[in-house]
Amino acid sequence: MRKIIINISLILLFCSCTSYRFATIDVLQPATYSLPIQIDSILILNNAKEQDCSQGHSTVRKLSKEIQTYLISEVKESKDTVDVDSTTNYAITAFSEAIKQSGIFSSGIKLIPTYDESKKHTRSILDAFKSYNVDAIITLESLNYQDILTYHSAFESELKTITHSDWNIYFISNPLKGHRFSTEESYYWSSKVNRTECIKEAASYNGIKAAKEIFPYWKSDNRLYFGGINYMYTSIDKDIKNNNWKSAATKWKRLYDGEKKSSYMKGKMAYNMALFFEVKNELKTALDWINIANDIFKKKENKDYLAICQEYYSILKKRSENNDTLDKQLFINRVN
């Protein structure tokens, strides 16, 4: 369920005979809120009307003109009409795609992106549960946005959008009671932009953010590991690039076992083993290994390596806490 997908980019920063590498891993993050019941299938409805094209659009022109020996700044603002349609469709489709990527639904997701006034009534929610045989229904109730196009000069402009959406989620256990959640976000575009396309893109971003409120989502994080310049380390880099972490860990463990009790290299390989077990999502074992590395670097009184270990310990500790939340959100080992 929480399989980690690895995309590797290697950056070599040589320090003496040891170098640092960086791996980028995708980690499942917990949602802001935990749902009260397990959901295997879901219907997504668009109950939101499109915003009037004459509302929420403005242009600001910042002009400078010279009067005698003084440079005077002047700001002029005007209201605009921007022909934008289907913004709610963009938001709800992006919302649907975002929760699909979480992979937590065994029975799938049904999406009805087009607004229909009849879907707003409570009776329609009850009918939808019967018609579609789902565990939950999520409705987009409103999507409002403002955009401000600012001209700083004849050659420089900036577009700012502010989007706010309101959603309801209904559960089969109590279909008459909707639970409301909302999300708001600002986005910026510089230089010359297609205003209509940016507004649609902002609506999509809002839908993605809304999904993160109630469903786990993937986030890319960078991780440091220790390498070297001989053949063994080159082989390990290839293993990681090919997503063969087991082979890399076997070589790290061999290097660890072959080192003296408190050598720098032993501490570095202990650190690397912590990364391997994080990739396996065995965070308790990862914490054990990072503590071994921390103890070695503490004895060597190396502040730089200690700082690296302590930072990684904090990351692993936070991930361990997040996994407890994820287990509840993914209903692992939970009795309904």
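Annotation note: GluC sites (Glu not before Pro) in segment 254-322 located in DSSP loop regions with a Cβ neighbour count of at most 10 within 10 Å are Glu301. A cut-off of 5 Å between modelled amide H atoms, ignoring neighbours fewer than 5 places along the same chain, links Ser142 with Asp166. For Ile315, neighbours were defined as the other residues whose beta-carbon sits under 14 Å from its Cβ, and their charges (Lys and Arg +1, Asp and Glu -1) total +1. Grab the other residues whose beta carbon is less than 10 angstrom from that of Arg223, score K and R as +1, D and E as -1, and report the net. Surrounding charge for Arg223 is -1.
Across segment 293-303, computed HN-Hα scalar couplings (Karplus, 6.51 cos²θ - 1.76 cosθ + 1.60, θ = phi - 60°) run 4, 4, 5, 5, 5, 5, 5, 7, 6, 9, 5 Hz from first to last residue, x flagging Gly and Pro. Considering only alpha-carbon pairs that sit under 8 angstrom and 6 or more positions apart, the relative contact order computed for segment 274-336 is 28 percent. Computed from the C-beta positions of Ala307 and Thr24, the FRET efficiency with R₀ = 22 Å rounds to 0.55. Remark: relative contact order (segment 236-299) = 28 percent; criterion is Cα-Cα distance under 8 angstrom and separation of 6 or more residues. Pairs of Cα atoms under 8 Å, at least six residues apart: use those to get the relative contact order of segment 188-336, whole percent. About 16 percent, as a whole number. Over segment 192-295, the reciprocal of the mean inverse Cα-Cα separation, the Kirkwood hydrodynamic radius, stands at 16.5 Å.
Anisotropy class assigned to segment 17-62 is oblate, per the alpha carbon gyration tensor with a/c at or over the 1.5 cut-off and a/b no larger than b/c.
A short reminder: the numbers here are calculations on the coordinates, not readings from a lab. Computed from a prediction, not measured in an experiment: that's the story for all the values here. Cβ: placed from backbone, ideal geometry, glycine included. Neighbour counts: every protein chain shown.
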